[in-house]
Structure formats: structure tokens, C-alpha cells
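The values are calculated or read from the model by the stated rules, or taken from the named source; none is laboratory data. On a predicted model such as this, the values are computed, not experimentally measured, just so you know. Using ideal geometry, Cβ is built from the backbone for each residue, glycine included, and neighbour counts are taken over all protein chains shown. Ligands, DNA and RNA are stripped out before the accessible areas are found, and what is left, the full protein with its side chains, is counted by its heavy atoms. Shrake-Rupley method; radii C 1.70, N 1.55, O 1.52, S 1.80 Å.
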Amino acid sequence: MGTPPSLEEQLQELKVRLAHLENLVQYQVRRIYSLEQQAKGLALPPTAASSYPTPEPIPPIQTASTAVSPVLNLENDSTLRTLEVSDGGSLRLSPLTAGKKRGGNPYDRVETLIGGSWLNKIGMLAIVLGMAYFLKYAIDNQWIGETGRVTLGIATGLAFLFGGEQLNKRGFRPYALTLLGGGIAILYFSVFAAFGFYRLLAQLPAFFLMLMITTTAVVMSLRYDSRIIAVLGLIGGFLTPVMLSTGRDNQLGLFSYIAILDLGILTLAYFKNWRSLNLTAFLFTQMIFLAWTSSFYRPDKLGKTELWLTFFFLLFATMSFLYNLVRKQGSSIRDLALIVLNATAYFLWTYGLLEPQHFSYLGFFAVLMAGFYVGLARFVFGQSRQDSYLYLVLLGVGLVFLTLAIPIQLRQNWITIGWSSKAVLLCWIGVRLDSKKTRLAGLTVAALMVIRLLLYDGIVHPAVIPTVPFILNRRSFTFVIGIMALLRIARLYSAQREPGLGPESLAPAARKGQSSHFETIVSTGLLVVANCLMVFLVTTEIQLHYQSQILRENLYTLRRSLHSQKQLAVSAFWALYSIGLVMVGIRRKYQPVRLLAILLFGVTIVKVFLVDLSELEQGYRIISFIGLGIILLAASFLYQKYKDEINAFVLK
């Protein structure tokens, strides 16, 4: 028996075998690629077909007495090659160098991207716009008759399609795709001009031609697996009504045309997961609708306009999850963004149209929207249970509309309430799916809600102060909803932070036993803000209540007495609220609440000694000081009674 190989010799042998294995994998990859290209009808050059080196057999394990083969240098080995496409479209095998494996010079890639891709797309867009403006100029100067204009446009579009097909056969795919997309766009506005402006085509033939163009665009996009064809056709199609506008209203023709474009995108959404295309179509549709509404909408067109709005809403609601539902794939943030944007746009449009004359129906409309999205969520859950994100977003949107129904019907500040609901929804979804970005979006909406509460909903015009009821008013209702939203979000973050404070399904980080300092700060901050808003609300309600009585009194003595009562009531409320915070903080073993109570005690003491002492009448001043003293003694007693428990979980 020979001497067993040393560890270094074994490692050297493994390197040799690894090099041979890598060589074999390269050989098989090239061979499979060649077979795939031949199956697609692409002939490989003879040199490429015959240059496959036959891989050497993997050497056996060597012993120490056997000479060790040198390790194969992959960087310089002439047998390792990579398959490349030459400028003429042919395939060749080139040495696989370190530079090529790393993607080459980044400046070369940028130059290729700009020169070979961006320039031809920008050039095609310029040609499409130039054709449109040429036709417009020819119209203004009466150079070409209406039939000639349409014929020229159709001929140009067909020529682009033919040229694109020929270029693709010769291997110039990027240029071909650009020409094909441009041809689709030119055909769109040519047929639309013939029908919508020149009346050269009746409605049925025009729609048939538009349907053919849309079908062609869809088929070509799928055939070439090219998003650029769809994008150029989409942009050209939506720019057509803008560039060829004559200033006359044609609601049926315009929206029917837009509907055909969007139906084409919906068809693509069934086959391709081109989310950016869906969002682009939605934004263009909204801009066209806004432009038409600004120029031509009148109240007598409410019925037809609402029907078109509903059609587009249902179309994009389907488009937002169609591909994922059919392919059983998870939804992305862009899919979910389209769902939220579509629902928001439809609701705002309908609210704006119905509010002047049919406000009483808006609450019922919000309930219908809630029912639609809740039903859609149940359908999605039954068809694609693995897409929990989609289910939660649909369900959350439904709950938001259900929340909005009551304040809308009661004519409350539903915008702020809607923001409150959306903030809770986003944070809830973010916690359920452990998505930090979604939770941050919810916090951003919550911050905007607080700002709106203080700067808009919290302001009461002096002229209406005498008519505002105490507590039971729109302002208080909105504040309470906002405060409840902040407390709910704080609870969600506590569940994310601590295993014992929430359901296990809502705390993925907690299930792992992890603790987040950020979640601690957020939950504490939200609790503090919520309590500050509550103090602000009740304080201002007390002040408004007494101020309304002061404004109705003419006697100085009564007004002086009411002013003293107001100051005493504010001080009493602050002191009582402080001791309530102390009790809650001790019971829940939560230090930030107790610290907030101490801070509010301090503010109350300053107010009593600086404000009440100088402004209150003698009797009210006595009550203020005695009441404050009693409350402070009670708070001190609580701290003394529970000092051991407090020290156990705070001073550590």
C-alpha cells in the first residue's frame, strides 16, 4: 500500500477535478444553446458548430506517488469559450476572458445602451410626433385633403410595419421593434382622425379598424416578446386625441377609442407581466379623462360620464391582478399601487360628480365600493391563497371605504378620516407581511393626518363658535378617529416588537425573538402623540364651550366668572388626565406613559401658579390650588404604593 496523500495533495487533486468539471459544464452549455438556436431556425456558422472541443475525461484520484497535474488556468485556457452575437447577427465563439465575465467596460455598455437603444426609440418618437404635426400643419394650410391625410398616415404606418418585419429577419431586432411600435402608433391616430374628426368612417368600420390595430399590436408584442412595441403603440395611441384635437366634444368617440386601447393592454396583461405598461395606461386614461372633464363636462352628462368611469374602473381593477391570478404568482408593489390608485381615482371622480346635487347617495356609494372590494378579496382568497398581499390589500381597501361611509353620510371630515383608515391599513399589512417599506408608508400617511388635524380640522372660525356643541361635533369626531388610528398603529408596532403584546401572526419579528429599537421608538412616539392630541382636543373644547357663553353675555361680572370657570376647568382636566396616565402607566407597567403624566403635571403646576394665581377670582383660585394639591398627593401615593413594582421593571 502506498503512502496516503497529504491534505495539500488532496486539495490539489480536487482543484484539478473542479477545473475539468467547469470545462465540461461550459461545453454542455454551448451545446444546448446551439441546439436551441437551431430549433428556432437560426443557423450557426460552421466554425461555431465544429469548434466544440471534446472535454477530456475527469482524471482519477491520484495518490501521492502519482505526479500531480497542474491546475487548469480558467482565465487563459483556450478551450473555454463563450457564444457571442456579432454585428451582422451571426454567432461566434470567443474566449471567455475575465473582462467579459465581468460584463466588460461599463463605459462601453453605456455607449451601447445610448447609441443602440435609446437613440432609435427617441428617433421613432420624434418621427411619430413629426408625422402628427405635419398632418396638423397640412390641415391648417389646406395642402392635403382629408382623405389624402388619412391615406398618407395609413400608408406610412403600414410601411413602418413592413420595414420592421424586414429588419427583424435580417437580425436588426432593436431597430425592427422600434419601427413596429411606431407603425402601430401612426395607424392609431390615422384611423382615429378618419372617424373622430373627418367623419370619413362610420362608427362600426372605425371601431373594427381600431380593433384590428389593437389586435395587431397585442399579437406583435407577444410574438416578439417586446414591451417596446406595446409602449410605443400605447403612447402614440393616447397622444392621438391630444394632437388631433379640434376643440369639439365627442365623448362617445373619444372614450370608445380609449376603451379599445385599454382593452388591448388588458389582453396583454393576461399573457405578460408588464406592470409598468398597466400603470402607464392607467395614468394616460386619467389624464385624458381630466382633460375632457375640464373642457366639456356639464351636469346633464352625469349619467354617461359615470358609466364610462365605472367601465374604466372595472377594467383596471381586473388588470391589476389578472396575470398574477392566472399564473398563481405573488403581487408586486406596482400591482398593489394600481389597485389603490384605481380605487382612489374612481371614488374621487364619483364624489366630485355627485357631490353638488346628489350628496345623499355618496354614503351608499362608499358602502357599495366596500362590498365590491371585500367580495373581490374573498374571490382572490379562494383562487390564489398564496398571494396574501393581494388579499390583504383588497380587504383593506374595502374596510377603508366602509369606514368612510359613516363620516361621508354624516358630512364629517371624511378626508382626514380616510387618511386615518389608510394609515392603519398600511401599517397592518406591513406588520402582517413584515414589510418595513409598507409600515413606513403608513407612518407617513399618519403624520399627514396629524398635520391636517391640527392645521385644518382643529381650527374653528370665530363666527361659528356660538353654534358649535360641546364635544358632540364634527371636529371632535374627527379627532377621536385620528387618535384611535394612532393608538391602533402603536399597538401594531408593539406586537411587532414584543411577543406578548399581539397575535403571533401579526409579529413575524417577535416570533423570532428579535427586538427592534426602531419599533420601540415608533410605538412610544405614537402613544405620546395620541395623548397630546387628546389633551389638545378636550382643552380646546372646554375653551370653545366657555368662549361661546362669554360671547353671549353682556355683563362684565358674568363674563369674568365664566373666564375663571374656563381656566379652572382646564387645570382640573389636565390634573385629572395626568393622574389617569399615572394609573394606566402603573397598571400596564409602561414607563413612557408615566413620564408623560409627570410632564403634564409639571405644565399644570406652572399654569396654576402663573396663570390661575393672577387671573382667577378668589374662590376659583382656592379651588384650583386645593384641587391640584389633592391630585398631586394622590399621584404621589400611587407612586409610593407601587414603588417596588415600578423599580422592578423601570430602574433596571
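Tabulated results
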| read-out | value |
| --- | --- |
| Single residue of Arg227, Arg223 found to be farther than 24 Å from Leu309 by Cα, under 28 Å from the mean Cα position of the chain (by Cα) and open to solvent by 60 Å² or more (accessible area, probe 1.4 Å) | Arg227 |
| Matching entry among Leu376, Leu314, Leu309 (being over 22 Å from Thr438 (Cα atoms) and open to solvent by less than 60 Å² (accessible area, probe 1.4 Å)) | Leu309 |
| Residue list for the range 257-284, filter: under 16 Å from the mean Cα position of the chain (by Cα) and basic (Lys, Arg) | Arg275 |
| Near pairs, Cβ below 8 angstrom, 6+ apart or cross-chain, from the range 436-456 (within 16 Å of Ile483 (Cα to Cα)) to any residue that is open to solvent by less than 70 Å² (accessible area, probe 1.4 Å) and hydroxyl-bearing (Ser, Thr, Tyr) | Ala446/Ser420; Met449/Thr416; Met449/Ser420; Arg452/Thr416; Leu453/Thr416; Leu453/Thr478; Tyr456/Thr416 |
| Of residues in the range 519-539 being within 26 Å of the chain's Cα centre (by Cα) and surrounded by 18 or more Cβ atoms within 10 Å (Cβ to Cβ), the one nearest to Leu453 (Cα to Cα) | Leu526 |
| Subset of the range 179-201 [hydroxyl-bearing (Ser, Thr, Tyr) and at pLDDT 75 or above] | Tyr188, Ser190 |
| Residues that are in a helix (DSSP H, G or I), closer than 15 Å to Phe289 by Cα and either without any contact (Cβ under 8 Å) to a residue 12 or more places away in the chain or open to solvent by 40 Å² or more (accessible area, probe 1.4 Å) (or both), drawn from the range 234-278 | Leu239, Val242, Leu252 |
| Single unsatisfied condition, Asn324 versus (1) modelled with pLDDT of 85 or more; (2) more than 24 Å from Pro205 (Cβ to Cβ); (3) surrounded by 15 or more Cβ atoms within 10 Å (Cβ to Cβ) | (1) |
| Within the range 457-500, tally of residues that are more than 19 Å from Pro592 (Cβ to Cβ), open to solvent by less than 50 Å² (accessible area, probe 1.4 Å) and either polar (S, T, N, Q) or without any contact (Cβ under 8 Å) to a residue 40 or more places away in the chain (or both) | 3 |
| Complete set of residues in the range 198-220 that are more than 21 Å from Thr285 (Cα to Cα) and surrounded by 21 or more Cβ atoms within 10 Å (Cβ to Cβ) | Met220 |
| Members of the range 167-192 found to be in contact (Cβ under 8 Å) with a residue 12 or more places away in the chain and over 36 Å from the mean Cα position of the chain (by Cα), listed by number | Leu167, Asn168, Arg170, Gly171, Phe172 |
| Meets criteria (over 19 Å from Val606 (Cα atoms), modelled with pLDDT of 85 or more and assigned to a helix (DSSP H, G or I)) for Val529 | yes |
| Residue count, the range 164-175 (criterion: part of a helix (DSSP H, G or I), at pLDDT 80 or above and in contact with a Gly (Cβ under 9 Å, 6 or more places away or on another chain)) | 1 |
| Residue, nearest to Leu638 (Cα to Cα), within the range 547-600, restricted to residues that are open to solvent by 60 Å² or more (accessible area, probe 1.4 Å) and among the basic types (Lys, Arg) | Arg587 |
